[in-house]
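So the structure is just underneath, and the comments pick up after that.
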Amino acid sequence: MHSLLLGPRTWTPVAARLASLGAETVVPSLIDVADEDDPPFWPRISAAINESLSHLPQDQPIVLVAHSNAGLLVPVAVQAARRPVVGCLFVDARLPPRAGATPAASPERLTHLRTKVTRGRLPQWTTWWDEEDVASLFPDPETRWAVSAEQPRLPISYYEQHIPVPAGWDHRPCGYLLFGPPYDRMAQESRKRGWGVAEVPGGHLHQLVDPDAVAARIVAMTTTWSSPAG
(Lines give C-alpha, C1' and ligand atoms only; values in the text may rest on other atoms or scores of the structure.)
Protein backbone atom coordinates (compact mmCIF):
# COMPACT_ATOMS: atom_id res chain seq x y z
CA MET A 1 0.00 0.00 0.00
CA HIS A 2 1.87 3.06 -1.25
CA SER A 3 1.60 6.55 0.17
CA LEU A 4 -1.44 8.37 -1.13
CA LEU A 5 0.86 11.26 -2.03
CA LEU A 6 2.96 9.06 -4.30
CA GLY A 7 2.23 6.04 -6.46
CA PRO A 8 2.87 2.33 -7.02
CA ARG A 9 6.29 2.90 -8.59
CA THR A 10 7.59 3.56 -5.09
CA TRP A 11 7.08 -0.13 -4.33
CA THR A 12 7.47 -1.97 -7.66
CA PRO A 13 11.22 -2.60 -7.07
CA VAL A 14 10.50 -4.30 -3.74
CA ALA A 15 7.61 -6.24 -5.30
CA ALA A 16 10.01 -7.52 -7.96
CA ARG A 17 12.50 -8.63 -5.31
CA LEU A 18 9.75 -10.36 -3.35
CA ALA A 19 8.66 -12.17 -6.50
CA SER A 20 12.22 -13.38 -7.03
CA LEU A 21 12.07 -14.79 -3.50
CA GLY A 22 8.90 -16.69 -4.33
CA ALA A 23 6.32 -14.34 -2.81
CA GLU A 24 3.27 -13.45 -4.92
CA THR A 25 2.84 -9.69 -4.56
CA VAL A 26 0.55 -6.96 -5.83
CA VAL A 27 0.95 -3.20 -5.50
CA PRO A 28 -2.51 -1.62 -5.79
CA SER A 29 -2.55 1.72 -7.60
CA LEU A 30 -4.32 4.32 -5.46
CA ILE A 31 -3.35 7.37 -7.50
CA ASP A 32 -6.83 7.97 -8.91
CA VAL A 33 -8.94 7.52 -5.77
CA ALA A 34 -9.16 11.29 -5.26
CA ASP A 35 -9.58 12.33 -8.89
CA GLU A 36 -13.04 13.50 -7.88
CA ASP A 37 -13.09 15.73 -4.84
CA ASP A 38 -15.83 13.72 -3.16
CA PRO A 39 -14.93 12.68 0.39
CA PRO A 40 -14.73 10.39 2.22
CA PHE A 41 -12.02 8.69 0.19
CA TRP A 42 -11.27 5.69 2.38
CA PRO A 43 -14.11 3.51 0.97
CA ARG A 44 -12.64 3.80 -2.54
CA ILE A 45 -9.17 3.04 -1.24
CA SER A 46 -10.22 -0.06 0.68
CA ALA A 47 -12.22 -1.25 -2.36
CA ALA A 48 -9.20 -0.82 -4.63
CA ILE A 49 -7.01 -2.76 -2.23
CA ASN A 50 -9.58 -5.53 -1.91
CA GLU A 51 -9.89 -5.81 -5.68
CA SER A 52 -6.15 -6.19 -6.02
CA LEU A 53 -6.15 -9.08 -3.54
CA SER A 54 -8.27 -11.07 -5.99
CA HIS A 55 -5.20 -11.34 -8.24
CA LEU A 56 -3.29 -13.34 -5.63
CA PRO A 57 -3.52 -17.15 -5.42
CA GLN A 58 -6.56 -18.24 -3.43
CA ASP A 59 -4.50 -20.30 -1.00
CA GLN A 60 -1.96 -17.56 -0.28
CA PRO A 61 -1.97 -15.94 3.18
CA ILE A 62 -2.49 -12.18 2.82
CA VAL A 63 -0.08 -9.77 4.48
CA LEU A 64 -0.77 -6.05 4.13
CA VAL A 65 2.32 -3.85 3.88
CA ALA A 66 1.65 -0.12 4.23
CA HIS A 67 4.01 2.81 3.74
CA SER A 68 3.81 6.35 5.07
CA ASN A 69 0.28 7.78 5.31
CA ALA A 70 -1.21 4.53 3.98
CA GLY A 71 -0.72 3.17 7.48
CA LEU A 72 -3.91 4.89 8.60
CA LEU A 73 -5.86 2.89 6.02
CA VAL A 74 -4.80 -0.56 7.20
CA PRO A 75 -7.80 -1.10 9.54
CA VAL A 76 -10.40 -0.39 6.84
CA ALA A 77 -8.42 -2.49 4.35
CA VAL A 78 -8.45 -5.41 6.80
CA GLN A 79 -12.20 -5.03 7.32
CA ALA A 80 -12.94 -4.79 3.58
CA ALA A 81 -10.80 -7.75 2.55
CA ARG A 82 -12.86 -10.73 1.42
CA ARG A 83 -9.98 -13.01 2.34
CA PRO A 84 -8.34 -13.40 5.75
CA VAL A 85 -5.47 -11.01 6.42
CA VAL A 86 -2.86 -12.86 8.49
CA GLY A 87 -0.72 -9.84 9.36
CA CYS A 88 -0.05 -6.13 8.87
CA LEU A 89 3.38 -4.57 8.42
CA PHE A 90 3.89 -0.82 8.70
CA VAL A 91 6.93 0.56 6.87
CA ASP A 92 7.98 4.08 7.93
CA ALA A 93 4.26 4.60 8.33
CA ARG A 94 1.72 6.37 10.48
CA LEU A 95 -0.04 4.18 13.01
CA PRO A 96 -3.81 4.04 13.44
CA PRO A 97 -5.24 3.72 16.92
CA ARG A 98 -6.58 0.36 18.03
CA ALA A 99 -10.21 1.47 17.73
CA GLY A 100 -12.37 4.51 17.10
CA ALA A 101 -11.50 6.89 14.28
CA THR A 102 -8.50 8.91 13.28
CA PRO A 103 -8.13 12.19 11.38
CA ALA A 104 -6.09 11.99 8.18
CA ALA A 105 -4.10 14.95 9.52
CA SER A 106 -3.63 16.58 12.90
CA PRO A 107 -5.10 20.09 13.32
CA GLU A 108 -1.59 21.58 13.16
CA ARG A 109 -0.67 19.69 10.00
CA LEU A 110 -3.98 20.53 8.38
CA THR A 111 -3.39 24.22 9.04
CA HIS A 112 0.04 23.95 7.41
CA LEU A 113 -1.28 22.02 4.41
CA ARG A 114 -3.97 24.62 3.75
CA THR A 115 -1.20 27.16 3.08
CA LYS A 116 -0.10 25.05 0.11
CA VAL A 117 -3.50 24.64 -1.55
CA THR A 118 -4.27 25.96 -5.03
CA ARG A 119 -7.85 25.59 -6.30
CA GLY A 120 -8.62 23.06 -3.62
CA ARG A 121 -5.66 20.79 -4.28
CA LEU A 122 -2.19 20.32 -2.89
CA PRO A 123 0.88 20.46 -5.12
CA GLN A 124 2.75 17.24 -5.82
CA TRP A 125 4.57 15.99 -2.74
CA THR A 126 8.11 16.29 -4.07
CA THR A 127 7.62 20.03 -4.51
CA TRP A 128 6.98 20.50 -0.78
CA TRP A 129 10.64 20.19 0.17
CA ASP A 130 14.03 21.67 -0.66
CA GLU A 131 15.72 20.24 -3.73
CA GLU A 132 18.62 18.79 -1.77
CA ASP A 133 16.28 16.93 0.57
CA VAL A 134 14.18 15.54 -2.27
CA ALA A 135 17.12 14.42 -4.39
CA SER A 136 18.59 12.44 -1.50
CA LEU A 137 15.47 10.24 -1.35
CA PHE A 138 16.09 8.68 -4.77
CA PRO A 139 18.84 6.38 -6.05
CA ASP A 140 19.13 8.15 -9.41
CA PRO A 141 17.46 10.86 -11.55
CA GLU A 142 15.60 8.30 -13.66
CA THR A 143 13.86 6.80 -10.65
CA ARG A 144 13.02 10.23 -9.35
CA TRP A 145 11.47 11.22 -12.68
CA ALA A 146 9.37 8.05 -12.90
CA VAL A 147 8.09 8.37 -9.33
CA SER A 148 7.48 12.12 -9.58
CA ALA A 149 5.55 11.75 -12.83
CA GLU A 150 2.78 9.67 -11.28
CA GLN A 151 2.24 11.75 -8.14
CA PRO A 152 -1.36 12.87 -7.72
CA ARG A 153 -2.43 16.27 -6.46
CA LEU A 154 -4.63 15.38 -3.52
CA PRO A 155 -7.54 17.63 -2.63
CA ILE A 156 -7.25 19.22 0.79
CA SER A 157 -10.51 17.44 1.62
CA TYR A 158 -8.51 14.20 1.71
CA TYR A 159 -6.81 15.46 4.85
CA GLU A 160 -10.07 16.75 6.30
CA GLN A 161 -11.62 13.28 6.43
CA HIS A 162 -11.73 10.97 9.44
CA ILE A 163 -10.87 7.34 8.78
CA PRO A 164 -12.72 4.73 10.85
CA VAL A 165 -10.75 2.20 12.86
CA PRO A 166 -12.81 -0.98 13.26
CA ALA A 167 -12.11 -2.71 16.57
CA GLY A 168 -10.15 -5.92 16.21
CA TRP A 169 -8.19 -4.98 13.13
CA ASP A 170 -4.95 -5.73 15.02
CA HIS A 171 -6.09 -9.13 16.31
CA ARG A 172 -3.37 -10.61 14.10
CA PRO A 173 0.40 -10.26 13.98
CA CYS A 174 1.58 -6.73 13.29
CA GLY A 175 5.04 -5.27 12.91
CA TYR A 176 6.92 -2.08 12.18
CA LEU A 177 9.85 -1.58 9.80
CA LEU A 178 11.60 1.72 10.42
CA PHE A 179 13.79 3.66 8.02
CA GLY A 180 14.42 6.66 10.26
CA PRO A 181 13.13 9.86 11.91
CA PRO A 182 10.51 11.12 12.42
CA TYR A 183 8.93 7.67 12.26
CA ASP A 184 11.05 6.44 15.16
CA ARG A 185 8.20 7.67 17.34
CA MET A 186 5.85 5.29 15.53
CA ALA A 187 8.35 2.46 16.01
CA GLN A 188 8.45 3.20 19.73
CA GLU A 189 4.65 3.07 19.92
CA SER A 190 4.72 -0.25 18.04
CA ARG A 191 7.05 -1.70 20.67
CA LYS A 192 4.61 -0.59 23.37
CA ARG A 193 1.90 -2.49 21.54
CA GLY A 194 4.06 -5.60 21.67
CA TRP A 195 4.79 -5.71 17.96
CA GLY A 196 8.02 -6.80 16.34
CA VAL A 197 10.14 -3.82 15.23
CA ALA A 198 13.12 -3.79 12.88
CA GLU A 199 15.14 -1.07 11.17
CA VAL A 200 16.78 -0.68 7.78
CA PRO A 201 18.38 2.77 8.14
CA GLY A 202 17.71 5.20 5.34
CA GLY A 203 15.47 7.97 4.04
CA HIS A 204 11.70 7.84 3.76
CA LEU A 205 11.87 6.22 0.30
CA HIS A 206 14.62 3.77 1.19
CA GLN A 207 12.67 0.99 -0.50
CA LEU A 208 13.76 2.61 -3.78
CA VAL A 209 17.38 2.94 -2.71
CA ASP A 210 17.87 -0.60 -1.40
CA PRO A 211 14.93 -2.78 -2.43
CA ASP A 212 16.91 -5.96 -1.76
CA ALA A 213 17.45 -5.13 1.93
CA VAL A 214 13.85 -3.97 2.39
CA ALA A 215 12.40 -7.05 0.69
CA ALA A 216 14.61 -9.33 2.75
CA ARG A 217 13.53 -7.64 5.97
CA ILE A 218 9.86 -7.87 5.02
CA VAL A 219 10.23 -11.60 4.42
CA ALA A 220 12.11 -12.05 7.71
CA MET A 221 9.46 -10.20 9.69
CA THR A 222 6.41 -11.88 8.14
CA THR A 223 7.51 -15.41 7.30
CA THR A 224 5.71 -16.93 10.30
CA TRP A 225 2.46 -15.06 9.65
CA SER A 226 0.88 -18.04 7.94
CA SER A 227 -2.52 -18.55 9.55
CA PRO A 228 -5.42 -16.19 10.32
CA ALA A 229 -5.91 -15.07 13.88
CA GLY A 230 -9.05 -16.13 15.65
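Things to note:
- Spin-label pair ALA81/SER20, simplified geometry with 7 Å Cα→Cβ offset, distance in nm: 2.6 nm
- For the range 170-217, the C-alpha radius of gyration sits at 1.17 times the compact-globule guess of 2.2 N^0.38 Å, with N the residue count.
- Under 5 Å from the amide H of THR102 lie the amide H atoms of ILE163, VAL165, each residue being 5 or more positions distant or on a separate chain, with H modelled from the backbone and absent for Pro and chain starts.
- Other-chain or far-sequence residues with amide H under 5 Å of GLU199's (modelled H): LEU178
- Principal axis box of the range 66-146, alpha-carbon based, largest edge first, Å: 41, 32, 20
- The chain - percent of accessible surface contributed by carbon and sulfur, probe 1.4 Å: 52 percent
- The chain: DSSP helices with Cα axial extent of at least 15 Å and average Kyte-Doolittle hydropathy no lower than -0.5: 42-53, 211-222
- The distance from the alpha carbon centre of the range 76-99 to that of the range 178-201 is 16 Å, rounded to a whole number.
- Residues in the range 74-87 carry Karplus couplings, in order, of 4, x, 6, 5, 4, 5, 7, 4, 7, 10, x, 9, 8, x Hz; the curve used is 6.51 cos²θ - 1.76 cosθ + 1.60 with θ = phi - 60°, and Gly or Pro positions show x.
- Candidates per trypsin sites (Lys or Arg not before Pro) in the range 1-99, loop by DSSP, up to 11 other Cβ within 10 Å: ARG82
- Counting only DSSP H runs of at least 4 residues, each contributing -39500 (n - 2.57), and dividing by the residue count of the chain, the helix-based mean residue ellipticity at 222 nm comes to -9500 deg cm²/dmol.
- Karplus-derived 3J(HN,Hα), 6.51/-1.76/1.60, for each residue of the range 122-139, Hz, glycine and proline x: 7, x, 4, 4, 5, 8, 7, 10, 5, 4, 4, 5, 5, 4, 5, 7, 10, x
- With the convex hull of its Cα atoms as the shape, the range 1-94 has an orientation-averaged projected area of 5.8 nm².
- Cα-Cα P(r), the range 95-222, percent of pairs per 5 Å interval: 2, 9, 13, 16, 18, 20, 15, 6, 1
- Whole-Å semi-axes of the chain's equivalent ellipsoid (Cα gyration tensor): 25, 21, 17
- Rounded to the nearest 20 debye, dipole of the range 95-145 from Cβ charges on Lys, Arg, Asp, Glu: 560 debye
- For the range 197-206, 3J(HN,Hα) computed residue by residue from phi via the Karplus equation (6.51, -1.76, 1.60; θ = phi - 60°) reads 10, 9, 9, 10, x, x, x, 5, 10, 5 Hz, glycine and proline entered as x.
- Sparsely packed GluC sites (Glu not before Pro) within the range 15-76, loop by DSSP, other Cβ within 10 Å at most 16: GLU24, GLU36
- Protection proxy ranking, peptides 142-148, 174-180, average beta carbon neighbours within 10 Å, highest first: 174-180, 142-148
- Accessible surface for the chain, divided over its residues, is 47 Å² per residue with a 1.4 Å probe.
The values are calculated or read from the model by the stated rules, or taken from the named source; none is laboratory data. If you're wondering where the values come from, they're calculated on a predicted model, not measured in any experiment. Quick reminder, even Gly has a Cβ in these numbers, built from the backbone with ideal geometry, and neighbours come from all protein chains shown. Heads up: the accessible areas ignore ligands, DNA and RNA and are worked out on the full protein's heavy atoms, side chains in. Shrake-Rupley method; radii C 1.70, N 1.55, O 1.52, S 1.80 Å.
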